[in-house]
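Notes follow once the structure below has been shown.
Read the figures in this text as sums done on the coordinates, not as results from a lab. Note that the structure is predicted; figures quoted are calculated from it, not measured. Note that each Cβ is placed from the backbone with ideal geometry, even for glycine, and that neighbours are counted across all protein chains shown.
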Amino acid sequence: MSDDEIRLAFAHPSERAETMAGPDPRDRISLRDHIVEVEIGAFQAERDVTQRVCFNVVVEVAPLTGVVDDDVDRILSYDRVTEAIAAELAAERLNLLETLAERVADRILIEPQAMRVFVRIEKLDRGPGALGVEIVRAREEAAAQDAAQEAPQPRVVYLSNAAISSTRLPEWLDQLEAATEPVILCVGPSDIAVPQAEDEKAQRHIDLLAIEQNAWMLSTRDPRGAVVGSRTELDWAMKNGQISIWAPARIVLDAVDGPTAPPSAAPALAAWFAESSSASELVLIGADQPEGTALPMRLLDVDSAEIV
């Protein structure tokens, strides 16, 4: 074995990825020295105790078409890598780092942008040095593709201003929190007059920002609602049981096939968002039914005690 081969064997996976890039190298994202305390190991001394495990991951991704334009929804988020690690650690106790590495790689390769992944996992507390494994897996080798996760189907709930100020709001959130479906709350602008601009494009931005202001006001009514504005954030929130409050500007303005209704028609905007999110249903509290949607829909008044 040459000196270069020995050096690369112990170098960070990013260097190994570079040497294996071939004539058409791909873009890469990396996670370095991500340390988690976990119970893992085949020996009796490793049971019922936690030890530090260090993850180094490099993911080669498919090249983007067009301009990235600083849009987090167009790239493979670092959260996907750390979520893959957390999910596999939470699934069950494992004896072998090899098993954990395989499962983390498979889960990362479910992501459509991921083409090849380098995973190094090391135990830091089993001796004077780090003991670990490193694997390389490509998309065509990923058995996890056959078990690709289904996209969550959230329940989208539109709250009128009367519903936002209702004393029943905590009770409704209790019910939504106890249900199995992810929950996304939508609102319209507050009752305060929205500034009017002569330019239609400017007015659209103003109207969307007025909705976002009201979303932030709703978040102050109950700490369980978190304001989110990108598909990546929404996806994370749905997977982690977080009630989301939709801030629409980014998704609406970036949509290729955007809503036909103006932001001032907030229930119709919520219906468009619910359809684009593959929602299981749209619940409107204190609002009229928007036209032109085939989505399952329920209309409730602000005195309704049951919404689930």
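222 nm [θ] for the chain, helices only, -39500 (n - 2.57) per DSSP H run of 4+, per residue, to 500?
The helix contribution divided over the chain gives -10000 deg cm²/dmol.
Within the stretch 175-277, report the GluC sites (Glu not before Pro) that DSSP leaves as loop and that have at most 13 other Cβ atoms within 10 Å.
Here the sparse-neighbourhood loop sites are E198.
Under a GNM of the chain (C-alpha, springs under 10 Å), which listed residue has the highest mean-square fluctuation: M115, M217, M238?
Largest GNM mean-square fluctuation: M217.
Given H placed on each backbone N at 1.01 Å, which residues far from Q51 in sequence or on other chains put an amide H within less than 5 Å of it?
V38, E39, I40
Sequence gap at least 6, Cα distance under 8 Å: using those rules, report the relative contact order of the chain to the nearest whole percent.
Relative CO of the chain lands at 14 percent.
For the chain, which DSSP H helices look membrane-span-like by this rule: Cα extent along the axis of 30 Å or more and mean Kyte-Doolittle of at least 0.0?
none
Take every Cα-Cα distance within the stretch 155-300, group them into 10 Å bins from 0 onward, and report for each bin the whole-number percent of pairs it holds.
Over the stretch 155-300, the share of Cα pairs per 10 Å bin runs 12, 46, 36, 7, 0 percent.
Please state the relative contact order of the stretch 147-264 as a whole percent: Cα pairs under 8 Å, 6+ residues apart?
Answer for the stretch 147-264 is 26 percent.
For the ranges 282-293, 91-102, what's the packing order if you count other beta-carbon atoms within 10 Å of each residue, average per peptide, and put the highest first?
For the peptides 282-293, 91-102, the packing ranking is 282-293, 91-102.
In what sequence, highest mean first, do 183-190, 300-307 appear when ranked by Cβ atoms within 10 angstrom?
Packing order, densest peptide first, comes out as 183-190, 300-307.
Dipole of the chain, Cα-centred, from +1 at each Lys and Arg C-beta and -1 at each Asp and Glu C-beta, to the nearest 20 debye?
Roughly 480 debye, rounded to the nearest 20.
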